[in-house]
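Here's the structure, in structure tokens; my notes come after.
Each value in this text was obtained by applying a stated rule to the coordinates, not by laboratory testing. Worth saying up front: this structure is predicted, and the values here are computed from it rather than measured. In this analysis, Cβ positions are derived from the backbone assuming ideal geometry, glycine residues included, and neighbour counts consider all displayed protein chains.
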Amino acid sequence: MVVCFRNRHWSNPPTCEVDGCGAVPEIEDAKATVFSFSVLYKCNRFHRLVGSVSRIFCYTDGTWSSPLPRCEADIPPASGGTDPITDKQEASIDRCGAVPEIEDAKATVFSFSVLYKCNRFHRLVGSVSRIFCYTDGTWSSPLPRCEGDRCGAVPEIEDAKATVFSFSVLYKCNRFHRLVGSVSRIFCYTDGTWSSPLPRCEVDGCGAVPEIEDAKATVFSFSVLYKCNRFHRLVGSVSRIFCYTDGTWSSPLPRCEGS
């Protein structure tokens, strides 16, 4: 803060000086996040932090609060191996190469491993779903594979919406239709067959939604609600009509008259 004195002079302004810590220190195989007076380090994938701290502070005397940590490769040893290799060149993750891809699966990459999940209507074939990158540049086990459960494409039924889950399909009939059949959900079996005959959707018999002049119709599952336009009023005992199973509407249509 500076102050204006009566003699029309300002008080001495403060000055800003470099704290003296200089540029942010960089360490290999790590990402540095810089805060006001500190730096936080996070090691890259397949590496671990070596040192007592992951954050260093810039002191007013121009020194950092502690020696820099370092990041070393931290990959499981190869099968039959003993300790992980600590030499930087020997432990390079480039030895494992790109993440292996398998058909009909999604790969989720973690720090030292890859987890596979088969796509919808596929099953995992193999002893493991996760593989590890070893320090000798090999993966921990043969790749699994995903095979189709042989049920084929999702069956479609007319006048219905199908919601697909991992191994099943749920059907919901469209407006003014009802489900005919014992089940609304079918399952894909491992032998390539569906769990039950397909249901079907039939019209409930009321036909198209009735329209009335000067009104807006809001359609629900088995009813219609009418609201008159501006400067009009509803004439009739009800504003909502229902579709009965015998194909008739529950009451005579209301009407809208100008007010």
In a GNM of the chain with a 10 Å cut-off on Cα contacts, which of GLY62, GLY97, GLY126 has the highest mean-square fluctuation?
-> GLY62
For the chain, built as a Gaussian network whose Cα springs stay under 10 Å, the top-fluctuating residue of VAL224, VAL109, VAL164 | VAL224
By count of other Cβ within 10 Å, fewest leading, how are VAL3, VAL50 ordered?
-> VAL3, VAL50
Which net charge results for the neighbourhood of CYS228, defined as the other residues with beta-carbon distances under 12 angstrom from its beta-carbon, given Lys and Arg at +1 and Asp and Glu at -1?
-> +2
Relative to the compact globular guide of 2.2 N^0.38 Å, what is the alpha carbon radius of gyration of segment 30-73, as a ratio?
-> 1.18
Please give the per residue volume of the convex hull enclosing the alpha carbon atoms of the chain, rounded to a whole number of Å³.
-> 302 Å³
GNM flexibility winner over the chain from SER195, SER52, SER140 (Cα, springs under 10 Å) = SER52
Across the chain, how many lysine pairs, 8 or more positions apart or on different chains, have C-alpha atoms separated by under 12 Å? Please give the number.
-> 4
Along segment 6-13, what does the Karplus equation 6.51 cos²θ - 1.76 cosθ + 1.60 (θ = phi - 60°) give for ³J(HN,Hα), rounded to whole Hz, x for Gly and Pro?
-> 5, 7, 6, 10, 7, 5, 4, x
Largest-first semi-axes in Å of the equivalent ellipsoid built from the Cα gyration tensor of segment 160-203 are 21, 11, 6
Here the gain from full extension of SER184 to TYR59, 0.36 nm per residue of separation minus their alpha-carbon distance, amounts to 38.1 nm
Select from segment 217-257 those trypsin sites (Lys or Arg not before Pro) which occupy a DSSP coil region and have at most 14 other Cβ atoms within 10 Å, ordered by residue number.
-> ARG230
Net charge of neighbours whose Cβ lies under 15 Å from the Cβ of VAL238, counting Lys and Arg as +1 and Asp and Glu as -1 = +4
SER52 versus SER259: modelled label distance in nm, points set 7 Å from Cα along the beta carbon direction | 8.0 nm
Which order results if HIS232, HIS47, HIS122, HIS9 are arranged by neighbouring Cβ count within 10 Å, fewest first?
-> HIS9, HIS232, HIS122, HIS47
In this structure, the FRET efficiency calculated for GLU103 and SER251 from their beta-carbon separation, with R0 = 45 Å, to the nearest 0.05, is 0.15
With each pseudo-label sitting 7 Å past Cα toward Cβ, what's the VAL209-ARG45 distance in nm, one decimal?
-> 5.0 nm
Full-extension gain in nm, LEU198 to PHE37, via 0.36 nm per residue minus C-alpha separation = 51.3 nm
Say each of ARG175 and LEU68 gets a label point 7 Å from the Cα, pointing the same way as Cα to Cβ; how far apart are those two points in nm?
-> 6.6 nm
Quick calc, ASN119 & ALA217: beta-carbon distance into FRET formula, R0 41 Å, rounding 0.05, result 0.45
Taking neighbour Cβ counts within 10 Å as the exposure measure, how do PHE112, PHE57, PHE231 sort from fewest upward?
-> PHE231, PHE57, PHE112
